[in-house]
1. Is the shape of region B:112-230 best called rounded, prolate or oblate, per the rule: a/c under 1.5 gives rounded, else a/b larger than b/c gives prolate, else oblate, with a ≥ b ≥ c the square roots of the Cα gyration tensor eigenvalues?
2. Can you give the translational diffusion coefficient of region B:2-107 in µm²/s, computed by Stokes-Einstein from the Kirkwood radius over Cα pairs at 4 °C and 1.567 mPa s?
3. Given the DSSP H assignment, sum -39500 (n - 2.57) over each helix run of at least 4 residues in chain A and divide by its residue total; what's the result at 222 nm in deg cm²/dmol, nearest 500?
4. Could you tell me the center-to-center distance, by alpha carbons, between region A:206-228 and region A:281-355 in angstrom?
5. Between A:S530 and A:S365, what's the calculated FRET efficiency when r is the beta-carbon distance and R0 is 30 Å? Round to 0.05.
6. Farthest toward the dipole's positive end in region A:6-232, which of A:A229, A:A152, A:V30, given Cβ charges of +1 (Lys, Arg) and -1 (Asp, Glu) about the Cα centre?
7. From the helices alone, meaning DSSP H stretches of at least four residues, give me the mean residue ellipticity at 222 nm for chain B, per-run term -39500 (n - 2.57), in deg cm²/dmol to the nearest 500.
8. Which of the cysteines found in chain A have nothing to pair with, since no other Cys Cβ lies under 4.7 Å from theirs?
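What follows is calculated from the coordinates using simple rules that are stated; it is not laboratory data. Because the structure is predicted, anything quoted here is derived from the model rather than measured. A quick note on method: Cβ atoms are made from the backbone with ideal geometry, for glycine too, and the neighbour counts reach across all protein chains shown.
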Amino acid sequence: MTKINDDLFDSILSRVRKPGQYTGGELNAVDKDFDTVSARMVLAFPDLYEVGMSNQGLKILYESVNSRSNMLMERVFALDVDMEGQLRRHGLPLFTLESRRAVRDFDVIGFSLQYELSYTNVLNMLDLAGLSLYSSERADEDPLVIGGGPCAYNPEPLAPFFDLFVIGEAEESLPRLLEELVISKEKSLSRQEILVTLSAGKGIYVPSLYRPLYQEGKLCGVEVLDRRAPQSINKLTIPDLDLAPYPIAPVIPYIQVVHDRAVVELFRGCARGCRFCQAGFIFRPVRRRSRAKIVELAEKLIDSTGYDELSLSSLSSADYPHIEKLIEELDEALQGRQVRTSLPSLRLDSYSVRLADRLHRGRRSSLTFAPEAATERLRKVIKKNITEEDIFSALDDAIRAGWQGFKLYFMIGLPTETDEDVEAIVDLCRRIRRRFSGRIGKKISLSVSVATFVPKAHTPFQWEPQLRLEKTLARQKLLRDGFKTLPGINFKWHEAEASFLEALFARGDRMVASLLEKAWTLGCRFDGWSEHFSFALWQQAFRESGLRPEEYVYRRFGYGDCLPWGHLHCGKESEFMVRDHREAFDKQYLQGEEDEQNLV
Amino acid sequence: MNKIWFSFARHDRLRYISHLDMLRLFIRAMRRERFPVAYSQGFNPHPRFSLALPLPLGVTADEELGEISFSEVVDAEQFAGRLAAQMPVGLEITGATCVDENRLPLPSLVEAASYRAGIINEGPENISSLHLEQVLNELLSKDEIKILKRGKKKKEKEINIRSHIMALSAADKTDYPTVAMLLRAGGGGGVSPLIVLEKIITGTGINEPKNIRWDLHRERLYTSADEKLETLSEGMCKING
Ligand code: SF4
């Protein structure tokens with residue numbers, strides 16, 4: 001068993017930035033005896049502590065495993081580059097925060113896969129842990145390396161590195177998986193046999209049991225290598241949010257993290273069906289937490305944490321039925337406790353503004369809205385059903401109510417988009433500026449952030465290519481030039497090259513894995529952080545691995561084509577996806593009644 | 001309203017958190033205990049809580065002070081006990097006392113702080129205690145010790161820190177050479193112990209300063225009473241009578 005001694009640890013911590021991210025020992029962190037529990041897992045988050053500790057999923061899983069007395073879950077986050085240097089210099093292995101024990105001493109390492117640009121960090125963490133990157137090269141006594149989270153819905157680019165993926169919501173099934181692992185280990189099954197056994201579980205995908213088949217370089221199917229493994233894998237969903245485990249005493253970080261507040265999830269899933277939105281599809285069906293349960297959780301959380309902010313999270317908060325009643329009940333329950341409640345993910349309409357207004361009373365910071373596209377036509381294509389009238393009346397109301405800051409999110413590169421649609425973003429902002437004559441940039445701050453569309457698996461746009469990099473760059477220039485004529489508006493855009501990579505991994509197949517390894521060998525890390533991201537290194541990796549990323553990023557899949565994630569099912573039938581995809585293009589100039597029946 | 005001063009010590013891994021982290025930690029602990037913390041008025045109410053002097057990241061301490069106002073009367077002894085129960089390993093509540101509400105805010109009373117800094121040399125070069133004493137005496141004999149300070153608009157400005165250094169001496173601790181320092185601090189002006197230590201290391205002429213790290217510890221906070229320095233905690237006891 002490896003543990004790092006205190007003196008050396010102090011010496012290292014005195015030489016790195018934000019040492020508080022490596023010390024552990026936070027309030028509510030577990031302190032269990034490693035040797036007496038029967039299953040030990042590390043939850044590995046492939047980004048910095050400040051990002052990982054803001055993730056609610058991590059806290060839920062931590063609770064779900066640690067609430068069992070015979071199981072242990074500890075945490076590890078990606079090491080910042082200075083800390084990585086220190087560990088490598090001293091020949092120390094990646095260690096957990098709780099017991100400062102080597103990650104490879106555990107039974108399972110579970111990676112939280114939240115975004116594609118953290119993949120090089122995953123490889124780096126495996127390497128720092130002293131494990132072989134490839135599943136096939138790891139020994140029986142090595143920990144199982146598993147992954148879950150949104151990116152597991154197309155895990156193929158990571159397939160050779162992982163022993164197993166959990167597809168879907170794991171909070172109820174993870175302890176069961178660990179139990180089965182313990183039983184298999186007691187039977188002294190080989191690693192391979194253990195994996196075959198586990199593969200029978202719902203939502204479990206063991207990539208080594210499936211071989212992709214290619215014809216003329218194109219994926220044409222998957223062969224199941226062991227008859228005990230299922231032909232296709234269905235995602236896991238928890239049936240009832242009220243009964244699901246929920247962290248009422250989460251770990252409270254000492255140091256500042258991105259989101260540091262009490263969180264209660266109102267409902268999971270979103271039925272609005274915006275065609276680009278992966279979260280909207282993979283978290284279906286919509287499941288609500290009851291008002292009584294929400295109030296109960298909120299009270300317990302505030303008691304156990306001392307937080308002064310409560311965030312009511314969901315994908316589209318204003319869709320929670322009787323939300324005003326809920327807010328009333330929360331007000332009553334938390335009266336006099338100096339807790340401010342926030343509702344993220346608001347729609348751009350007057351109803352949402354009224355809600356925000358009611359919550360914030362005196363404190364008016366800024367409101368965030370995501371119209372995504374600036375023309376009504378394009379919003380119809382992507383199924384973001386708001387009108388320009390909605391936008392203006394929401395802003396009117398908000399400004400009248402005293403809000404002073406607005407953030408608007410748009411996307412470029414959407415299917416059917418033209419230069420005119422992009423110029424319309426600038427034009428819309430110009431009209432907003434004119435409407436609130438002279439106040440934008442002075443009394444009222446307006447910031448506009450423009451991302452690039454990335455086609456994601458299991459969405460109606462999964463067949464669509466990404467806009468070519470040159471074109472994206474040209475459209476970003478259009479925007480920059482346009483916003484130059486609108487002083488006072490703060491304009492930001494996402495790095496187009498980073499979105500290009502994101503698309504490569506979002507729609508790549510198993511062939512992409514070797515590129516990933518190459519890029520990691522060349523030193524790519526923290527690709528989601530602009531200060532670390534180097535597209536030049538990635539281009540070198542493209543050349544050296546011989547992989548042509550354009551063939552993945554710009555490929556338009558046909559309905560009959562085999563998709564890399566085709567054997568993973570997420571609930572929505574493929575006929576629906578095809579129909580919805582077609583509809584996007586049929587209806588592009590039509591004004592139709594919106595289908596609101598599916599909403600919560 | 002009622003106001004309480006409390007004292008605490010910080011050790012171990014809690015040294016790795018910042019001043020703002022400390023503020024958050026205390027406030028959350030008090031909120032968990034449901035103390036009737038008083039909040040400021042206005043759009044963005046803040047708890048009326050402050051620490052006497054920010055404790056730099058990486059530094060341990062014996063006797064720090066905090067000040068908190070409550071909207072209802074809270075018994076100081078009970079307060080200390082309940083707050084202590086909420087503290088993580090590495091933070092210790094050592095006392096508490098009620099003070100007059102109209103007393104000047106605690107941070108404005110701080111005038112000086114004393115430190116002990118163990119020099120841990122992880123390189124091959126040697127710094128003897130004798131040599132260290134020479135370096136300290138040399139520094140003390142100067143009229144001017146200049147450092148570059150980044151002022152407003154990112155302009156660098158040269159300032160003289162000599163008058164902020166009240167005392168320096170070498171003390172032998174068993175495992176490594178140690179410097180004792182008394183430095184001016186607080187609103188009236190002062191200097192960070194880390195800057196003084198940097199000057200000392202430069203003075204030793206050592207070739208690889210990156211091999212040096214500090215075991216830096218703050219011992220006492222001082223205020224002045226009758227033209228003399230007295231520790232803030234003495235002040236706290238006096239109130240207690
Ligand atoms: S409303 Fe938001 S969460 Fe729901 S589908 Fe649309 S983009 Fe996704």
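1. On the way: a/c = 1.87, a/b = 1.26, b/c = 1.48.
The shape class here is oblate.
2. Rounded to a whole number, D works out at 93 µm²/s.
3. -10500 deg cm²/dmol
4. 45 Å
5. 0.75
6. A:A229
7. Roughly -7500 deg cm²/dmol at 222 nm, from the helical runs in chain B.
8. Singleton cysteines: A:C151, A:C220, A:C270, A:C429, A:C524, A:C562, A:C570.
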